[in-house]
Amino acid sequence: MRNLLGLFLVLAILVVIPSVDHVFAQADEPAKYIDRRVLIWNLFFKLMTVAFTVGAVVSGTLIWIVWRFRETHPQAKPTEYEKSDTWGGPA
Amino acid sequence: MTLELQKPRPIWQIMFSTHHTDIGLLYLILSIAFLFLGGVLALIIRAELFFPGPQIIADSMTFNRIFTVHGTTLIFLFILPSASAVGNYFVPIMIRYKDMAYPKLNAIAFWMIPPGGALVWLGFADFTWYATPPYSIISAPGPAADMWIFGLKILGISSVLGAINFIVTIMKCKHPDMSMGQIPLLAWSFLVSSMIIVVAIPTFAAALLMLLTDRLGVSGFFNPAMGGDPIAYQHLFWFTFHPEVYVLVIPAIGMMYEIIPRFSRKPIFSKSSGIFAFVLLAVVSFSSWAHHMYASGMSFTEKTVFMVGTLAAVPASGMHVFNFIATMWNGRIKFLTPMMWSIGGIALFFSAGAGGVANAAMPLDFTTHDTYWVVGHFHLFVMGTIAFGTIGFIYYMFPYVTGRMYNETMGKVHFILSFIGAILVFFTQHMLGLLGMPRRIFDYPEIPSWIIGNQIASVGAMIIGVSMVIFLYNLIYSSAKGKPADIHDPFGLGGTYYYPFEAKTPHHN
Amino acid sequence: MGHHSNWPEWLYVGVIIALMVWVGAEAWNVERLVEHVPADAEVIIVTAQQWFWSFEHEDGTKEIGTLHVEAGKAYKFEIISKDVNHSFNIHDYVVLMDAVPGRVNTVWFAPDKAGEHDIQCREYCGLLHYNMRGKLIVEEPSR
C-alpha cells in the first residue's frame, strides 16, 4: 500500500504537473509587459493543485487507516506486541 | 503530585514545593488559565469582525491592544507553559531520575511567569506581538509598551532557565544504563526544543533591551530618525521567533509520539527516524527566519536563500507524519479522546505545512503577506497542531494528575466541535487572505465576500468557544467527582505506561 | 525495532525532496520574471504616513489618496515612509511592498485595463491602520 502511495506521488510529478504546466503555458499570450497577476496566480494555482493532490493522498491514507485499524473493525486482531507487552513504556 | 485530590495537602505545600510533579501541576493550571483568558480575547475579536463597522469594541486602539495581548498570551503564557508542564511531569520519569537536575531553578523559572504575564496583561500594549519599530519606538503609547517589553524579558529568561534545566536533566541525569537512543521520543523532543531555546532566545533578549533604550531616547538602534535601521530589529526578532515556532511544535509532536503508539498498541515505527527528524528540524529552523520579511525590500538573492532554507524543513516534518501513519498501520487503535486529538492534529499539520510551502514560494508573498491567509496559516499550526496535541495530552495526563477519569463523551464532543470550528475559522481565513483582507484591522469595507468570510470564521470561533466551555466543565467536574481511574491502566490498553504515579510523593520540601 | 525495511521511508523522503525542488525552481523562475523592471517604466514616488498615501508622478504632479495611471504603461513605485512601517498594496494587481522609513523600496506593475481598484495598507501602523485606504484609477491610454 505504501508503494502505491509513492507511485501516486511519482505519477503526480511525472504526469499531472507537466500537463497542468502545458495548459497554463497556452494561456500566456505575448504582451508588451509581463502580467504579474497571471504569473503569480498561475504559480499559486499550480502549487494548490499539487498540494490538494498530495493532501488527498495523505488524508485518504489517514482516514483509511483510522477506519481499517480501529479496534472495533471486524478483522481487528491483537498486534504482535500486545502478547509480550513490549510497545513502549519503561523497557 | 498525582492523586492530589485524594490525598489533599495544603496549597502552600504545592506552591512552595520544588518537586517536578508539583511544578508541573502549577505550570498546567497556569497554562490552562491563560488558554481561557487568551481565548476570550479571540472571541471578542471574532465578534467584532462579524459585521463591518464598530459594534462591540469602542475604538481601534482597544482592538489593537486586544489582538496584541491575545497573541502574546497564547504563545508565551499558554503553549510554552503547557509544554513545560508535560516536560516536568514526564522527562525525569522517562530518564529515570528522581527530579529535575536543578529543582530550585525549576521553581524560579515557573515563578517568573506570573509576574511576566501580569506585566503583559496590566499594560495591555497595542504594538502587535512582534512590536516592530519604528512604531514601537515612536508611536506606541506609554507604560503599556514598556511593561510588555519587561514582561517578555522576564518570560524569555524563564524559558532559558527552564531549557537549561531540561538539557542538563536529560544529558547528565539520565540513568547510567540508558543510552541516548533509549531515551523516549517525548523526552527527546524536550531536549531538542530546549536547545533551540538556548540558541534562539538571547537574540530576542538583546533586541528587547535595544528596543527599550530606543524608547527611552538614549539610543537609536532601530530608529531611522537617529540613523538606525528598523529592518535590523526584524532580523533579530525573527531569528528568535522562527525557531520558536519549532520550539512550540516539537514538544507537541513529542506528545503525539507518546499517545499514538500507546493507543495503536504498537511501538513507534522508527524511533531513529523520529530522533533524526527532530534534530534536523532544529538545525534547519535557523535557516529560514527572513521568509517573514520578503516584502521588506530584500534582494532576490536573499529571498532565494531563505526560500531554500524554509523548504528544507519540509522533509523532516514529513518524516514525522510518515512515522505516525506507519505506526498506526496494522495496529489495533482505541479511539479515546487523546488519540482523537492527536489524529486531528496530524491532519491539520499537513494543511498547515502545505500552506507554509506556499508561503515560502517567494512570489506568492505578494498575494498572501500580512493578509488573513497568514493568520489562518499560523493558527492552523498553533491551534490545529500544537494546541490539539497539547489538549490531547492534557486528557492523557488527567487520570494520574487527579486520580480520576475525565468524562469520555464530553472529551469527544470537545474534540469534534473544536475540529469543525478550527476548519471553519482557519480555512476561511486562508480564503479571506486570498481575497485581500489585511490582518490586524479593526474594521473592513463592506465587500460582500469579506463579510461572508468573516461571519463563517466568527461562527467557527464561537463553536471552538463552546467546546472549550465543555472542556473547562469536564476538567473541573471530573477532577472533583469523576469516577476513580485505574491508575495502572486508565485507558484499558494493557502494556506498561510511563505514568509518573510511582514518583515519590513530595511531603518534604 | 529494525525488523522492518526502511526503503518506503527513503522513497517517501525522496519524493518530498523532489517536490520541494520543483516548488523552489518554479517560485524562483516566477520571482525572476516579476522582479525585472522594464527600462521604460515611469517612476511614481509613493509616500506613506499615518494614515494616508501620497503620490508624486514623474512630471511633478502630486496626488493624495487617489492615484491615476494609464493602461498599457509600466509604472515603477518608489515607496518611502515618513513615520512608521506601512505596506503599499494593490491587491487586484498583486502589488505589495513595505514602506520602511529610511529606505526606498521598489515594485512595478503594468495595468492593462481601465478600471478602479483599492489601495490599502497591509502592515500594522497604529490607530487608523484599518482605514489607511486609497484608490487606484486606471484610465484609457491618452494616445
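The values are calculated or read from the model by the stated rules, or taken from the named source; none is laboratory data. Everything quoted here is computed from the prediction, not taken from an experiment. Cβ placement follows ideal geometry from the backbone for every residue including glycine, while neighbour counts extend to all protein chains displayed. Surface accessibility is based on the protein's heavy atoms, side chains included, excluding ligands, DNA and RNA. Shrake-Rupley method; radii C 1.70, N 1.55, O 1.52, S 1.80 Å.
Quick notes on this structure:
- Meets criteria (surrounded by 23 or more Cβ atoms within 10 Å (Cβ to Cβ) and either within 21 Å of the chain's Cα centre (by Cα) or in contact (Cβ under 8 Å) with a residue 24 or more places away in the chain (or both)) for B:Leu432: yes
- Looking at C:Glu70, C:Glu26, just one residue is open to solvent by less than 50 Å² (accessible area, probe 1.4 Å), in contact (Cβ under 8 Å) with a residue 24 or more places away in the chain and over 25 Å from B:Trp450 (Cβ atoms), and that residue is C:Glu70.
- Number of residues in the stretch B:399-426 that are touching a strand residue (DSSP E or B) at 6+ places or on another chain (Cβ under 9 Å) and small (Gly, Ala, Ser) equals 1.
- Selection of the stretch C:30-48 for residues being more than 9 Å from chain B (Cβ to nearest Cβ) and more than 30 Å from C:Cys125 (Cα to Cα) yields C:Pro38, C:Ala39, C:Asp40.
- Within the stretch C:101-116, the set of residues being more than 10 Å from chain B (Cβ to nearest Cβ), open to solvent by 30 Å² or more (accessible area, probe 1.4 Å) and not basic (Lys, Arg) comprises C:Asp112, C:Ala114, C:Glu116.
- Assessment of the stretch B:62-80 against the conditions (more than 24 Å from B:Gly116 (Cβ to Cβ) and in contact with a Leu (Cβ under 8 Å, 6 or more places away or on another chain)) yields no matching residue.
So that you can scan it fast, the table gives a plain yes or no per residue for (1) under 15 Å from the mean Cα position of the chain (by Cα); (2) closer than 21 Å to B:Ser136 by Cα; (3) touching a residue at least 40 places away in the same chain (Cβ under 8 Å):
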residue: C:Val107; (1), (2), (3): yes, no, no
residue: C:Ala110; (1), (2), (3): yes, no, yes
residue: C:His117; (1), (2), (3): yes, no, no
residue: C:Glu123; (1), (2), (3): yes, yes, no
residue: C:His129; (1), (2), (3): no, yes, yes
residue: C:Val138; (1), (2), (3): no, no, yes
residue: C:Pro141; (1), (2), (3): no, no, yes
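- The lone exception for C:Asp59 - which of (1) facing another protein chain (nearest Cβ under 7 Å); (2) assigned to a loop (DSSP other than H, G, I, E, B); (3) without any contact (Cβ under 8 Å) to a residue 24 or more places away in the chain it fails: (1)
- Among the residues listed as A:Ser19, A:Ser84, A:Ser59, the single one being hydroxyl-bearing (Ser, Thr, Tyr), out of contact with any strand residue (DSSP E or B) (no Cβ under 9 Å at 6 or more places or on another chain), at pLDDT below 70 and open to solvent by 40 Å² or more (accessible area, probe 1.4 Å): A:Ser19
- Just one residue in the set B:Arg65, B:Arg96 is out of contact with any helix residue (DSSP H, G or I) (no Cβ under 7 Å at 6 or more places or on another chain) and on the phi > 0 side of the Ramachandran plot; that residue is B:Arg96.
- Residue list for the stretch B:66-107, filter: open to solvent by 10 Å² or more (accessible area, probe 1.4 Å), among the aromatic types (Phe, Trp, Tyr) and in a helix (DSSP H, G or I): B:Phe67, B:Phe76
- Residue in the stretch B:157-180 that is surrounded by fewer than 20 Cβ atoms within 10 Å (Cβ to Cβ) and either touching a His at 6+ places or on another chain (Cβ under 7 Å) or within 14 Å of chain C (Cβ to nearest Cβ) (or both) present: no
- The one condition from (1) open to solvent by 10 Å² or more (accessible area, probe 1.4 Å); (2) assigned to a strand (DSSP E or B); (3) touching a Ser or Thr at 6+ places or on another chain (Cβ under 7 Å) that C:Asp98 does not meet is (1).
For every residue, the table says whether it meets (1) open to solvent by less than 10 Å² (accessible area, probe 1.4 Å); (2) touching a Gly at 6+ places or on another chain (Cβ under 8 Å).
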| site | (1), (2) |
| --- | --- |
| B:Ala316 | yes, no |
| B:Trp329 | no, no |
| B:Ser342 | yes, yes |
| B:Leu348 | yes, yes |
| B:Ala354 | no, yes |
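- So B:Phe90, is it under 19 Å from the mean Cα position of the chain (by Cα), of a type outside the set (Gly, Ala, Ser), closer than 30 Å to B:Met171 by Cβ and modelled with pLDDT of 95 or more: no
One line per residue, one yes/no per condition, for (1) buried (at least 21 other Cβ atoms within 10 Å of the Cβ); (2) part of a helix (DSSP H, G or I); (3) within 18 Å of the chain's Cα centre (by Cα):
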{"site": "B:His235", "(1), (2), (3)": "no, yes, no"}
{"site": "B:His242", "(1), (2), (3)": "yes, yes, yes"}
{"site": "B:Tyr246", "(1), (2), (3)": "yes, yes, yes"}
{"site": "B:Pro251", "(1), (2), (3)": "yes, yes, yes"}
{"site": "B:Tyr257", "(1), (2), (3)": "yes, yes, yes"}
{"site": "B:Ile268", "(1), (2), (3)": "yes, no, no"}
{"site": "B:Phe276", "(1), (2), (3)": "no, yes, no"}
{"site": "B:Val283", "(1), (2), (3)": "no, yes, no"}
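- Hey, B:Ser418 more than 10 Å from chain C (Cβ to nearest Cβ), without any contact (Cβ under 8 Å) to a residue 40 or more places away in the chain, not charged (D, E, K, R) and not in a loop (DSSP other than H, G, I, E, B) or not: no
- Residue count for the stretch B:293-314, restricted to those that are within 8 Å of chain C (Cβ to nearest Cβ), in a helix (DSSP H, G or I) and open to solvent by 20 Å² or more (accessible area, probe 1.4 Å): 4
- Summed over the stretch C:92-122, residues that are touching a Lys or Arg at 6+ places or on another chain (Cβ under 7 Å), within 17 Å of B:Thr367 (Cβ to Cβ) and among the acidic types (Asp, Glu) total 1.
- B:Phe426 in contact with a Phe, Trp or Tyr (Cβ under 8 Å, 6 or more places away or on another chain), in contact (Cβ under 8 Å) with a residue 24 or more places away in the chain and either in a helix (DSSP H, G or I) or aromatic (Phe, Trp, Tyr) (or both): no
- Residues in the stretch B:319-337 that are over 21 Å from A:Tyr81 (Cα atoms) and touching a Phe, Trp or Tyr at 6+ places or on another chain (Cβ under 7 Å) were compared, and the one that is nearest to the other protein chains (Cβ to nearest Cβ) is B:Val321.
- Output for the stretch B:108-156, where each listed residue is open to solvent by 10 Å² or more (accessible area, probe 1.4 Å) and on the phi > 0 side of the Ramachandran plot: B:Phe124, B:Gly142
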